[in-house]
Amino acid sequence: MSGTSGHGLRAYVDLVRLDRNLAAFHRATRRHGVAVRAHAKAHRTVEIAHRQRRAGAVGIAVNQVAQARQYAAAGITDIVIAHPWNDAWRQPLFARLARRCRVAVHVDSVESALGLGAAARAAGSVLGVRLQLGTGDDVTATPDAHLLDLARVVTASPALRLDGVTGYQALTSGQDAAARDAVGRDAAEYVVRCAALLRRHGFGCPTVAVGGTPTAAGAMAVTGVTEICAGAYALQDAGMAAIGVCAVDEVAVSVNAGPAADELLDAYPYPWQTPGERVRRTGAEGRVLPPHICALMPQIDQVTVQEPERPDLTWRVRNEMDEPGGPEGVWQDGEGVRVSERRSDGGADR
């Protein structure tokens with residue numbers, strides 16, 4: 001068996017490179033006294049999540065409750081929903097998940113905070129809340145008054161727990177990519193500033209989280225940051241190698257892709273990439289490095305693990321999606337939400 005899809009994509013994971021990547025990233029964060037939250041979007045496998053936990057990650061981040069349940073069932077019970085969903089139908093899902101494990105949700109609106117509080121009360125659970133700052137394009141876009149309003153609403157609900165603040169600044173151009181450490185530092189300084197604002201107004205803010213693999217080096221060096229939420233650091237990709245986040249020979253995933261799969265590989269390039277670029281994997285005939293790991297994983301159902309003693313070892317890729325209801329005949333997950341295999345689940349690349 002191989003890590004394949006109906007489009008002919010076959011993905012292979014190099015365990016030696018994977019474990020080296022994990023060790024290097026976690027070693028760097030430990031030097032700065034910063035925790036790692038592993039964003040599972042960049043690999044979507046229970047097995048890699050367990051490796052990240054063993055390397056030192058405090059927990060994981062996902063964007064879908066249906067995926068979170070798979071990790072929780074495997075014993076990973078500190079989970080952040082790292083997208084500020086504002087759909088009312090999702091709120092009971094978050095609340096019920098919090099009965100099984102420790103859950104925090106990104107929140108960027110008063111309406112969402114109110115709905116989450118009501119859902120958690122009804123479910124008899126307590127939900128953690130991370131106040132999401134700005135957007136991926138501009139982490140500084142949250143006015144101070146709005147941030148304080150959010151904190152007041154969250155702390156007024158006995159079913160909500162204010163865990164802290166979180167921000168992510170995307171690299172939106174080649175110029176940003178060239179200055180990635182500075183971008184990460186500037187974003188982190190803003191997030192730390194917002195945490196200080198909350199504390200000055202009497203709110204607890206134990207977690208000060210900054211997202212992103214390519215900007216992590218700059219962010220983790222900022223005093224006051226407590227957590228880096230990153231995912232691509234595990235497997236890496238050609239896009240990360242192109243801007244010096246990793247070396248080409250540190251990318252731990254490769255793909256056998258024929259003509260039918262090229263369109264999928266090129267569908268979501270990083271801003272600094274040109275569609276059609278190919279980096280060939282040395283010593284692996286016919287294989288290329290995926291341009292963008294977060295765009296690859298939703299397109300495949302499993303990965304083949306390169307382990308000489310177990311040549312047929314595969315890991316399932318968790319692409320379950322949350323959907324409200326569902327037509328008759330579609331499998332329900334037991335809580336009224338259809339699990340589908342749609343290939344996009346929201347959220348920023350990490």
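The values are calculated or read from the model by the stated rules, or taken from the named source; none is laboratory data. From a predicted model like this one, the values you see are computed outputs, not experimental measurements. So basically every Cβ, Gly included, is an ideal-geometry build from the backbone, and we count neighbours across all protein chains shown. Accessible surface areas use protein heavy atoms only, side chains included; no ligands, DNA or RNA. Shrake-Rupley method; radii C 1.70, N 1.55, O 1.52, S 1.80 Å.
Can you show me the helix-derived [θ] at 222 nm for the chain, built from DSSP H runs with n ≥ 4 at -39,500 (n - 2.57) apiece and divided by the number of residues, rounded to the nearest 500.
Only helices count here, giving -9500 deg cm²/dmol.
Could you compute how fast segment 70-150 diffuses translationally, taking Rh as the Kirkwood radius over C-alpha pairs and applying Stokes-Einstein at 4 °C with viscosity 1.567 mPa s? Give it in µm² per second.
The estimated diffusion coefficient comes to 98 µm²/s.
Can you run phi through the Karplus equation (6.51, -1.76, 1.60; θ = phi - 60°) for segment 99-107 and list ³J(HN,Hα) in whole Hz, with x for Gly and Pro?
6, 9, 7, 7, 10, 10, 10, 6, 9
Mind ranking GLU250, GLU320 by accessible surface for me, highest first, 1.4 Å probe?
GLU250, GLU320
If you restrict to DSSP beta bridges whose two residues both lie in the chain, what percentage is antiparallel, to the nearest 5?
The antiparallel fraction comes to roughly 35 percent.
At a 1.4 Å probe, what is the % contribution of carbon and sulfur to the accessible area of the chain?
The C+S portion of the solvent-accessible surface of the chain is 50 percent.
Compare THR135, THR215, THR223 by solvent-accessible area with a 1.4 Å probe and give them largest first, with all protein chains kept in place.
From most exposed to least exposed: THR223, THR135, THR215.
Heavy-atom accessible area of THR155 with all protein chains present, probe 1.4 Å, nearest 10 Å²?
In the full protein context, THR155 sits at about 80 Å².
Taking the dipole about the Cα centre of the chain, with the C-beta of Lys and Arg at +1 and of Asp and Glu at -1, give me whichever of LEU150, ALA55, LEU296 is farthest to the positive side.
In the chain, that residue is ALA55.
Take the alpha carbon atoms of segment 20-57, find their center, do the same for segment 290-306, and report the distance between the two centers in whole angstrom.
18 Å
Could you order peptides 72-85, 164-177 by the average number of other Cβ atoms within 10 Å of their residues, highest first?
Numbers: 72-85: 19.9, 164-177: 21.4.
Order by mean packing, descending: 164-177, 72-85.
For segment 190-268, what is the convex hull (Cα atoms) projected area averaged across all directions, in square nanometres? Don't jump to the answer; show the numbers that get you there.
Working: hull surface 28.0 nm².
With the hull built on Cα positions only, its mean projection is 7.0 nm².
Calculate one ³J(HN,Hα) per residue across segment 61-72 by plugging θ = phi - 60° into the Karplus curve 6.51 cos²θ - 1.76 cosθ + 1.60, and present them in order as whole Hz with x for glycine and proline.
My calculation for segment 61-72 gives 10, 9, 10, 10, 5, 4, 6, 4, 4, 5, 5, 4 Hz in order.
Report the gain in length on full extension from THR274 to VAL110: 0.36 nm times residue separation, minus Cα-Cα distance, nm rounded to one decimal.
Numbers: separation 164, 0.36 × 164 = 59.04 nm, distance 3.97 nm.
Additional length available on full extension: 55.1 nm.
Output ³J(HN,Hα) for segment 229-240: one whole-Hz value per residue in order, computed from phi by the Karplus curve 6.51 cos²θ - 1.76 cosθ + 1.60 with θ = phi - 60°, and x for Gly and Pro.
Karplus values, whole Hz, x for Gly and Pro: 9, 8, x, 5, 4, 6, 9, 6, 6, 5, x, 5.
Taking the chain as a Gaussian network, Cα atoms linked when under 10 Å apart, which of GLY212, GLY244, GLY59 shows the biggest mean-square fluctuation?
With Cα springs under 10 Å in the chain, the top fluctuation among GLY212, GLY244, GLY59 is at GLY244.
Please work out the average accessible area per residue across the chain, using the 1.4 Å probe convention, and give it in Å².
40 Å²
Around CYS229, which amide H atoms from residues at least 5 apart in sequence, or from another chain, sit under 5 Å from its own amide H, with H modelled in the peptide plane?
Those qualifying (amide H under 5 Å, at least 5 residues apart or on another chain) are ARG37, VAL210, GLY211, GLY212.
Round to the nearest 0.05 the FRET efficiency obtained for GLU309 and THR172 when R0 = 45 Å and r is the Cβ-Cβ distance.
0.55
Show the residues, 5+ positions off or on another chain, whose built amide H is closer than 5 Å to the amide H of VAL279.
It is LEU289, by chain and number.
How many nm separate the modelled label positions at ASP19 and ALA182, each set 7 Å beyond the Cα in the direction of the Cβ?
4.0 nm
Of all beta bridges DSSP finds with both residues in segment 4-137, what is the antiparallel percent, to the nearest 5?
Counting only bridges with both partners in segment 4-137, antiparallel ones make up about 5 percent.
For the pair ASP149/ALA247, report the inter-label distance in nm, with labels modelled 7 Å from Cα in the Cβ direction.
Going by the 7 Å Cα→Cβ label model, 5.2 nm.
In terms of the ratio Rg/(2.2 N^0.38 Å) built on C-alpha atoms, what value belongs to segment 127-254?
The reported ratio for this selection is 1.15.
Give the accessible area for GLU323 in Å² (nearest 10); use a 1.4 Å probe, count only protein heavy atoms, and leave out ligands, DNA and RNA.
For GLU323, solvent-accessible area is about 20 Å².
Tell me, in nm to one decimal, what length is gained between ARG193 and ALA267 on full extension, where the rule is 0.36 nm per residue of separation less the Cα-Cα distance? Before the final figure, lay out each step's value.
Working: separation 74, 0.36 × 74 = 26.64 nm, distance 3.65 nm.
Contour length minus the Cα-Cα distance gives 23.0 nm.
Would you be so kind as to identify which of VAL36, VAL13, HIS83 lies farthest towards the positive end of the dipole of the chain, taking Lys and Arg as +1 and Asp and Glu as -1 on Cβ and the Cα centre as origin?
VAL36
If you line up the long axis of helix 15-31 against the longest principal axis of the chain, both from Cα atoms, how many degrees apart are they, to the nearest 10?
So the helix axis and the longest Cα principal axis differ by about 40 degrees.
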